[in-house]
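Quick one: this structure, given as structure tokens, is what I'll be asking you about.
The values are calculated or read from the model by the stated rules, or taken from the named source; none is laboratory data. Computed from a predicted structure; not experimentally measured. No Cβ is skipped: glycine too gets one built from the backbone with ideal geometry, and neighbour counts run over all protein chains shown. Quick note on the areas: whole protein, heavy atoms, side chains included, nothing else; ligands and nucleic acids left out. Shrake-Rupley method; radii C 1.70, N 1.55, O 1.52, S 1.80 Å.
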Amino acid sequence: MPQATYHFPRGFLWGTATASHQVEGNNTNNQWWKFEQDGHTDGKSGLACDWWGGRWKEDFDRAAEGGQNAHRFSVEWSRIQPTPDTWDENALEHYRNMLRGLRERGMTAMVTLHHFSDPLWLYEMCGWEHDDIVSMFEKFVRKTVEALKEYCTLWCTLNEPNGYALNGYVIGTFPACNKGLRTAIRVEANMLRAHAAAYRAIHEIQPEARVGYALHYRPMAAHSKSPLDILVRNLQYNALNISFPSAINTGVMKSTLGNIRIPEAKGTQDYFGLNYYSVDTVKFDITKPREVFGTRYFPEGSDLSATKYIANIPEGLFDSIKWAMRTHPDTPILITENGVEDAEDKMRPRYIAQHIHQVWRAVNFNFPVKGYFHWSLVDNFEWERGWTQRFGLWGLDVETQKRIKRPSADLYAEICKENGLSSEMVQKYCPEVFDKLFPV
Ligand code: BGC
């Protein structure tokens, strides 16, 4: 049996990612809380992982003891600016404490300024649909970055603006004010403008800052060579994957309904944040007008996750990195999310090993990947899917708040500590893919 280690460069960031509404608990003043009370989600966030109550400390300990040298978390706008005219200094202090907590544990912080949740007051005025969201977001970003800049230089303005706009305004699984494709595109354009304003504001406050956003990139294949399958594949692919990057590259957002000039967005990223989970096949479907007549599915025989939400397709991560590198030459890449829902931890060990192997391949092609953030540290509230999906390296008993270590937590810890993936690790945690990862 071969013995080998896939090593990573010194200084590579190994972390996990979380988001405020998913872990804090009692976020009663945002649109998701309302959406939950109105019965649109599978369960309610409730106390979540009780990070607002202070359990971030024990979870940061778990991360640090597990060899992680970085953590990505988001701040909750509705806590920092509970009404349009008030700021909550205690909330900012809470985040300063978390950042001090990371520093004390020797971990690099990455702060996301917007991860799907909006203050209720903003939601009630259909905030992202209107132009003045740009100055509102900038004001919030300035206040927050001023308060936290002592402890953080790595900023993510928006998490998955493409997912936020499409899930809410087109598909309807996320809360959204006025639905429809036209509105979704307006929202995305406003998110680009808001991102660009935030990018400049952050650099003004902190010249050494590294600022970007995180894109949910989804490779897609057409079901067949039929022109209809190819057409809907291209429409869906472009709608999800291309609008944001096109504007960052050229100042023109390519949308399903035509080009929109957003010149201020050009060049507003210091790194590319890649969230990668899986790959889709797209088939023409006359019954899906809202999804531009396309059904997405995983091909038969795919290695499917516990709730069939994700197909384990590690090569897709390599392809996504390659795409990111070609689309944004000379831009460092961070894998800002990657993970799988798997309460019993049957697939996760191989998912982790196989995906990290693809990151290693990319690094060895000299693709500028600088870090990997696994989604997620502890099971957390999965949006409309509530508690039915478990993405944590650590399990969570929602009733008792007890954390239960999964084998994947140990595997990931070994990878982080070794700064590499070894044949022994694969043999120990996921022997079923040994021959794939270490062929003789
Ligand atoms: C989101 C996370 C979410 C994860 C798994 C990502 O698209 O950014 O908030 O928990 O998917 O569903």
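Return the unpartnered cysteines for the chain, using a Cβ-Cβ cut-off of under 4.7 Å.
Cysteines of the chain left without a disulfide-compatible partner: C49, C152, C156, C416, C430.
Could you give the longest part of the chain that holds none of the GluC sites (Glu not before Pro) found in DSSP loops with at most 12 neighbouring Cβ atoms within 10 Å? Intermediate results must be reported in sequence, preceding the final value.
Working: sites that count: E150, E208, E300, E344, E399.
The reported range is 1-149.
Next question, about the same structure. Can you give the charge dipole size of the chain about its Cα centre, rounded to the nearest 20 debye, using +1 on the beta carbon of Lys and Arg and -1 on the beta carbon of Asp and Glu? Could the numbers behind the result be given before it?
Numbers: 49 positive and 54 negative charges, 200 e Å.
The dipole of the chain has a size of about 960 debye.
Follow-up. Give a residue-ordered list of calculated ³J(HN,Hα) values for the range 114-127 (Karplus: 6.51 cos²θ - 1.76 cosθ + 1.60, θ = phi - 60°; whole Hz; x for Gly, Pro).
8, 10, 6, 9, 10, x, 4, 4, 6, 4, 5, 9, 6, x
Can you list residues from other chains, or at least 5 along the same chain, whose modelled amide H is less than 5 Å from the amide H of A48?
N26
Rank N234, G163, G46 by how far each Cα sits towards the positive end of the charge dipole of the chain (+1 on Lys, Arg Cβ; -1 on Asp, Glu Cβ) and give me just the farthest.
Checked the options; the winner is N234.
Filter the trypsin sites (Lys or Arg not before Pro) in the range 244-344 down to the DSSP loop ones having no more than 11 other Cβ atoms within 10 Å, then list what survives.
Details: sites: K254, R261, K266, K283, R290, R296, K308, K322, R326; in loops: K266, K308.
Here the sparse-neighbourhood loop sites are K308.
Do you know the relative contact order of the range 158-235, to the nearest whole percent, from alpha carbon pairs under 8 angstrom that are 6+ apart? Before the final figure, lay out each step's value.
On the way: 60 pairs, mean separation 22.3, N = 78.
After rounding, I find 29 percent.
Continuing with the same structure: Report, in whole Å, the centroid distance computed from the Cα atoms of the range 176-249 and the range 7-28.
The range 176-249 and the range 7-28 have Cα centres separated by 22 Å.
Using a 1.4 Å probe over the heavy atoms of the protein chains, calculate the carbon and sulfur portion of the accessible area of the chain as a whole percent.
51 percent
Which whole-number percent is the relative contact order of the chain (Cα, under 8 Å, 6+ apart)?
Details: 916 pairs, mean separation 84.4, N = 440.
Computed over the chain, the figure is 19 percent.
Here's a follow-up. Can you bin the chain into rounded, prolate or oblate? Criterion: square roots of the alpha carbon gyration tensor eigenvalues sorted a ≥ b ≥ c, rounded for a/c under 1.5, prolate for a/b above b/c, oblate for the rest.
It comes out rounded by the Cα gyration axes.
Something else about it: For I333, what charge total do you get from the other residues with a beta carbon under 15 Å from its beta carbon, if Lys and Arg give +1 and Asp and Glu give -1? Before the final figure, lay out the partial values.
Values: positive: R72, R210, K322, R326, R361, K370; negative: D270, D319, D330, E337.
Charge balance in the 15 Å sphere: +2.
Same structure again: What order do L235, L377 take when sorted by accessible area (1.4 Å probe), most exposed first? Intermediate results must be reported in sequence, preceding the final value.
Numbers: L235 60, L377 0 Å².
If we order L235, L377 from most to least accessible, we get L235, L377.
Here's something else I'd like to know. So what's the gap between the Cα centers of the range 271-330 and the range 89-143, to the nearest angstrom?
One Cα centre to the other: 29 Å.
Next question, about the same structure. Specify the longest stretch of the chain that does not include any exposed loop site, a site being one of the chymotrypsin sites (Phe, Trp or Tyr not before Pro) with a non-H, G, I, E, B DSSP assignment and at most 16 other Cβ atoms within 10 Å. Numbers along the way, then the final one.
On the way: sites that count: W87, F365.
The answer is 88-364.
Right, another one. Tell me the per residue accessible area of the range 152-202 using a 1.4 Å probe; a whole number in Å² is fine. Walk me through the numbers on the way to the answer.
Values: 1200 Å² over 51 residues.
So the range 152-202 comes to 24 Å² accessible per residue, rounded to a whole number.
Put a dot 7 Å past each Cα toward the Cβ at T287 and A4; how far apart are the dots in nm?
Calculated label separation equals 4.8 nm.
What does the accessible area per residue of the range 299-390 come to in Å², with a 1.4 Å probe and no ligands, DNA or RNA counted?
35 Å²
Also, quick follow-up: Which residues in the range 200-238 place their backbone N less than 18 Å from a point set 7 Å from the Cα of K322 along the Cα-to-Cβ direction?
217-222
May I pose another question? Could you calculate the FRET efficiency of E65 with N238 from 1/(1 + (r/R0)^6), where r is the beta carbon distance between them and R0 is 56 Å, rounded to 0.05? If you can, show how the numbers build up before the last one.
On the way: r = 43 Å, r/R0 = 0.78.
Efficiency for this residue pair is about 0.80.
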